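Take a look at the structure set out below.
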Amino acid sequence: MNHQTIVVIDFGGQYNQLIVRRVRNLNVYAELVSADAPIDKIRAYNPIGIIFTGGPQSVFADDAPKVSPDVFKLGVPVLGICYGMQLTAHMLGGIVDHADRREYGKTDIKYEDSILFNGIDKDNVCWMSHTDCVKGLPQGFKRTAYTAGCENAAFEDNKRRIYAVQFHPEVVHTIDGNKILRNFLYSVCKAKGDWQMTDFVGEQIAAIRNEVKDGKVLCGMSGGVDSAVAATLLHKAVGDNLTCIFVDHGLLRKNEAQEVMRVFRDERGMNLIKVDASRQFLHDLSGVRDPERKRKIIGKDFIDVFGEEAKKVGKVDYLVQGTIYPDVIESGLGKSAVIKSHHNVGGLPSVVDFKKIIEPLRSLFKDEVRELGLALGLPEEIVLRQPFPGPGLAVRIIGNITKKKINILQDADCIFREEISKAGLNKSIWQYFAVLTDMRSVGVMGDERTYDYTIALRAVTSVDGMTADWADIPRDVLASASSRIVNEVKCVNRVVYDITAKPPATIEWE
Ligand code: XMP
């Protein structure tokens, strides 16, 4: 790739990915690199600058992450943030100690003269989250900012181009945080601003053509954004040498399978094979109530069905995967407990006869994948669609799954989605869908007693799905969704709205 790169060294802070995104949003390509990476790996990026992220540790902890001290010998500008600042001080001979008073949240700050703070108000507000602070500066450094609780809220050695800030410029609550990052990139690192999505398209297409030549390529399409964008990119690069397999497990939203075929096969002329495996999935799921077992069965069936179809295609040279950057990072660093085992296409390589994997989205965040999809000319309905779990409606039908229940849920869900779109809320709500509860209750229709299902409506706002809040949907939107569902969908006589945040609930009901 022929663009400049900023290396962001990851010390485990919760905003590490955010820093990378902020830098990319400022048109400079950035990559997150683990703190224990050898110096040669960092050097190989030929970075124009290095940023140290924050982290949960104290520099004195036994297992505190460290970075190779040679990083300061690369002659490349360094910006240390929070833990990254303390580590910079610690490694270069400064004094780090417990702060007299812990600072958390929005904090008044006074900036002094620094290339980092050019063009911003000296009396300002930043976002702090620290218990240690730097009490003595390393030799050759001068202070460039302070707060009530932190005498060295920023410091620098402008000659060696090493800068450090205790606060978080990447968090929106630091009023001029973006300008500070911009100053670091453009004034200190002399960035050219040569990263943008349209270049990425051309670069990737050229790289794929160069690699694949006239080889055969196979791709699994799920209907989700990532695989759709990856397949479209490959199609642009290799045309008919790409074959896509779309496994329809029968648990998609109403009309979704037809929509995928229309957009990709009919409109774009992709070599797209649809396998209708709904009977097999339904059969294998019959009587299964446990959500984790549902996920396991669907994951296994998906791989089996895909493998069978791939056999018919025969030997291929490449297998495409829609892996995106957070998957790469999470699989490297994640240590969290498994709440739900997410089904994905990770098992496909074992059932396909291929030589090499291509992961064209490996360096992109979700919002960048969407931007890329739009740059490739994909319709908004595909690119901006809400996240949809791999096991589909199986985890939205509580208890055992039948064809009848799938139909009820598809119809109710379709109505809810229509009402949300009509109200113009589809872009501001992270996910919105219907759940078929396993509960039936008494109702009255005309003069008749009914005993039918309860549909739960779920709509949440979120930035990454890790935490979420229930969406405060206007009453009239809920009212029309509810009234249409009970009137238009058979076997439903009650609609409830889920008003639980995550945590303690999760977004999906199963
Ligand atoms: P939860 O329900 O865990 O969901 O709060 C967080 C996000 O993950 C999606 N989700 C899944 N995605 N396979 C997937 O591919 C799964 O098994 C699965 N379960 C939940 C969910 O839709 C939300 O976006």
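None of the figures in this text is laboratory data; all of them are computed from the coordinates on show. Worth saying up front: this structure is predicted, and the values here are computed from it rather than measured. Cβ atoms come from the backbone with ideal geometry, glycine included; neighbour counts cover every protein chain shown.
Ranked by the mean number of other Cβ atoms within 10 Å per residue, highest first, peptides 171-177, 443-449, 159-165, 38-44 order as 159-165, 171-177, 38-44, 443-449. Principal axis analysis of the Cα atoms in the range 1-71 yields extents of 40, 25, 13 Å, listed in decreasing size. Annotation: amide H of ILE273 within the under-5 Å range of CYS244, ILE245, PHE246, sequence separation 5 or more or interchain, hydrogens built in the peptide plane. Rounded to two decimals, the Cα-based Rg/Rh of the chain, with Kirkwood Rh, is 1.02. Once you order the gyration tensor axes a ≥ b ≥ c over the Cα atoms, which shape class does the range 24-140 get: rounded for a/c under 1.5, otherwise prolate or oblate by comparing a/b with b/c? Taking the square roots of the gyration eigenvalues as a ≥ b ≥ c, the range 24-140 is oblate.
Output the peptides 74-82, 265-273 sorted from most to least packed, where packing is the average of other Cβ atoms within 10 Å over each peptide's residues.
Descending packing order for the listed peptides: 74-82, 265-273.
The magnitude of the dipole of the range 167-284, with charges of +1 and -1 set on the Cβ of Lys/Arg and Asp/Glu and taken from the Cα centre, is near 180 debye. Percent of Cα pairs in the range 68-122 per distance bin of 10 Å, from zero to the largest separation: 17, 40, 35, 8.
Only Lys, Arg, Asp and Glu carry charge here, each on its Cβ (+1 for the first two, -1 for the last two); on that basis the chain has a dipole of about 500 debye about its Cα centre. Each 10 Å bin from zero holds the following percent of Cα-Cα pairs in the range 175-322: 10, 31, 26, 16, 13, 5, 0. Here the Karplus curve 6.51 cos²θ - 1.76 cosθ + 1.60, taken at θ = phi - 60°, turns the phi angles of the range 129-139 into couplings of 7, 8, 10, 8, 8, 8, 9, x, 7, x, 4 Hz, with x standing for Gly and Pro.
Long hydrophobic helices in the chain, taken as whole DSSP H segments with a C-alpha length of 27 Å or more on their own axis and mean Kyte-Doolittle hydropathy at least -1.0: 291-313, 403-422. Taking a ≥ b ≥ c as the square roots of the eigenvalues of the Cα gyration tensor, an a/c ratio of 1.5 or more together with a/b no larger than b/c marks the range 357-424 as oblate. Give, rounded to the nearest 20 debye, the magnitude of the charge dipole that the range 73-200 has about its Cα centre when Lys and Arg contribute +1 at Cβ and Asp and Glu contribute -1 at Cβ. Here the size comes out at about 360 debye. Spatial offset of the range 268-285 relative to the range 430-503 amounts to 29 Å, using the alpha carbon center of each. What pairs from LYS300/LYS502; LYS216/LYS236; LYS296/LYS422; LYS254/LYS296; LYS190/LYS236; LYS73/LYS159 go past 25 Å between their alpha carbons? Beyond 25 Å: LYS300/LYS502; LYS296/LYS422; LYS190/LYS236. Ordering ALA501, VAL125, ILE408 by the projection of their Cα atoms onto the charge dipole of the chain, which places +1 on the Cβ of Lys and Arg and -1 on the Cβ of Asp and Glu, puts ILE408 at the extreme positive end. Reported value for the range 214-282: 75 Å³ per residue, from the convex hull of its C-alpha atoms.
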